[in-house]
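The values are calculated or read from the model by the stated rules, or taken from the named source; none is laboratory data. All values reported here derive from a predicted model rather than from experimental measurement. For neighbour counting, all protein chains shown are included, and Cβ atoms are generated from backbone atoms with ideal geometry for every residue, glycine included.
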Amino acid sequence: MNATDASGDEALLREARNLTPALYALGRVLRLRGVDEAGLPPLPPSDLEVLRQVLDSPGISVGTLAQDLGLHASNVSTAVRGLVAQGLVRREPDPHDRRAVQLFPTMGAVQGMAMIEQAWAEIFADSLATLSPHERATLTAAGPALRSLASALRSQRTAARD
């Protein structure tokens, strides 16, 4: 690596160190809030992550779900059992392997997540209202870049597993 690459790497690392705590804090707010504000029964953050992944990937298996979330399969199975008992997830036999099951969100899960996302939007709107118009515009403009960053992080995690 030449000197230019080293300084570029240092600059990227500095940027990452500046952004990471803020992004983590935002993620924490989303994990810990929204369910109560939506008027839904309590749902542990880990169950909410499992449910979000099932909503994003209908037909996913428990094993793939555990890999995607970086959790132990037994922990995911426990969460899935609870979500099934609450009527938020349904299990169906895998048409290609009758020994396996696929997980699908129920209509209750879809409606519940819409309520949670509305609560998140309201929580964020209250906080956004305290920012300057310039800060709000900057955050809005950063949306596509943040989605790309999330995609790159997921791809990096997937590549590390393979």
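So Thr20 fits all but one of (1) under 21 Å from Gln156 (Cβ atoms); (2) in contact with a helix residue (DSSP H, G or I) (Cβ under 8 Å, 6 or more places away or on another chain); what number is the exception?
Going through (1) under 21 Å from Gln156 (Cβ atoms); (2) in contact with a helix residue (DSSP H, G or I) (Cβ under 8 Å, 6 or more places away or on another chain) one by one, Thr20 breaks only (2).
Determine which member of the set Ser61, Ser74 is loosely packed, with under 11 Cβ neighbours inside 10 Å and farther than 27 Å from Asp126 by Cα.
After applying the criteria, what remains is Ser74.
Just wondering, is there one or more residues in the range 96-109 that are under 26 Å from Asp36 (Cβ atoms) and under 16 Å from the mean Cα position of the chain (by Cα)?
yes
Glu37 fails exactly one of the following numbered conditions: (1) acidic (Asp, Glu); (2) within 21 Å of Ala121 (Cβ to Cβ); (3) not in a loop (DSSP other than H, G, I, E, B). What is the number of that condition?
Status for Glu37: all satisfied but (3).
Taking the condition of being over 14 Å from Pro105 (Cβ atoms) and among the β-branched types (Val, Ile, Thr), how many residues in the range 49-81 meet it?
Looking only at that region, the number is 4.
From Gly82, Gly59, Gly143, which residue is without any contact (Cβ under 8 Å) to a residue 40 or more places away in the chain, closer than 27 Å to Gln156 by Cα and of a type in the set (Gly, Ala, Ser)?
Gly143
Test each condition in (1) at pLDDT 90 or above; (2) exposed (fewer than 12 other Cβ atoms within 10 Å of the Cβ) for Ser151 and report the one that comes out false.
Ser151 satisfies every listed condition except (1).
Out of (1) more than 24 Å from Ser155 (Cα to Cα); (2) not in a strand (DSSP E or B), the odd one out for Pro93 is which?
(2)
With the condition kept exactly as written, say whether any residue in the range 105-112 is farther than 27 Å from Pro58 by Cβ and part of a helix (DSSP H, G or I).
no
Condition first: within 14 Å of Met113 (Cα to Cα) and aliphatic (A, V, I, L, M). Can you find one or more residues in the range 85-92 that meet it?
Within the range 85-92, one or more residues are within 14 Å of Met113 (Cα to Cα) and aliphatic (A, V, I, L, M).
Take Gly87 and decide whether it is surrounded by fewer than 13 Cβ atoms within 10 Å (Cβ to Cβ) and in contact with a helix residue (DSSP H, G or I) (Cβ under 7 Å, 6 or more places away or on another chain).
For Gly87, the condition - surrounded by fewer than 13 Cβ atoms within 10 Å (Cβ to Cβ) and in contact with a helix residue (DSSP H, G or I) (Cβ under 7 Å, 6 or more places away or on another chain) - is met.
May I ask you to list the residues in the range 92-107 that are at pLDDT 95 or above and surrounded by 15 or more Cβ atoms within 10 Å (Cβ to Cβ)?
Gln102, Leu103, Phe104, Pro105, Thr106
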